[in-house]
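Here the structure is laid out as structure tokens; the discussion comes afterwards.
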Amino acid sequence: MKRLILALDVYERERALEIAECTADYLWAVKVNWPLIIGSGLGIITELRQVTGLPVIADLKLADIPNTNRLIAKRVFDAGADYIIAHGFVGRDSVNAIMELGETIIVVEMSHPGAEEFIQPATDKLIELTNELEPFGVIAPATRPERVAYIRSKLKPGIKILTPGVGAQGGRGDEVLKAGADYVIVGRSIYASENPREAARNLHQEIAGV
Ligand code: O7M
């Protein structure tokens, strides 16, 4: 079973396509964030789907009023994205505007140190919102496996947990899967390595046995 998601945070179209193609065998999905969309345009989403045959997650962390979220999400789903990542702290109406258009993933906690300032104190409420809306999944921090275990214990069964923070930010894929995550998101440890295919294979093998 594939549980690895590539965070393809490069600017250049050709480099992105090359890395995605050579790592695809070990991935469940490819995640695109602002760096790649700014550098290569929205058309990269369809190209990545064609080259890899994998789902593409658009990590825009949308956090706007419902109408603006809807305007953005419409174009991004039309461009071929299978999932959009949204912030939940803006409220259920803003998240609903995206969920009406396609599969959505809600951020309930983040992986960086600053997440403890504002997001972590709101995590319980964000989990409540998630359980009510029942999106495809949530984002939770691989850097804090104990928080992933906590989030898993509160989240309705069936809602997936996707965890960034493995490798460059210090988290471990096997640990966070044992804590209850379904997928790990990895960027720099793959795309910035000398041999991205080898790096992806090693990570895949590390987590495959969990
Ligand atoms: O492995 P890295 O650290 O190079 O990349 C991690 C990716 O996950 C990168 O695209 C970040 O923007 C993203 N991410 C986090 O690192 N922490 C979070 O809390 C949330 C995300 C994310 O994917 O949010 C949806």
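Just so it is clear, none of the values below were taken in a lab; they were calculated from the coordinates. Treat the numbers as computed from the prediction; the structure is a model and nothing was measured. Quick reminder, even Gly has a Cβ in these numbers, built from the backbone with ideal geometry, and neighbours come from all protein chains shown.
The table below gives the values:
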item: Debye-sum result for the stretch 1-154 in log10 I(q)/I(0), which assumes one identical scatterer on each alpha carbon, at q = 0.11 Å⁻¹; result: -0.43
item: Relative contact order [Cα under 8 Å, 6+ residues apart], the stretch 4-209, whole percent; result: 19 percent
item: Estimated distance in nm for a label pair at L71 and K160, the labels positioned 7 Å out from Cα along Cα-to-Cβ; result: 3.0 nm
item: Proxy reagent accessibility, fewest Cβ within 10 Å first, across L155, L203; result: L155, L203
item: Total formal charge among the other residues, if their Cβ is under 12 angstrom from that of A208, Lys/Arg +1 and Asp/Glu -1; result: +1
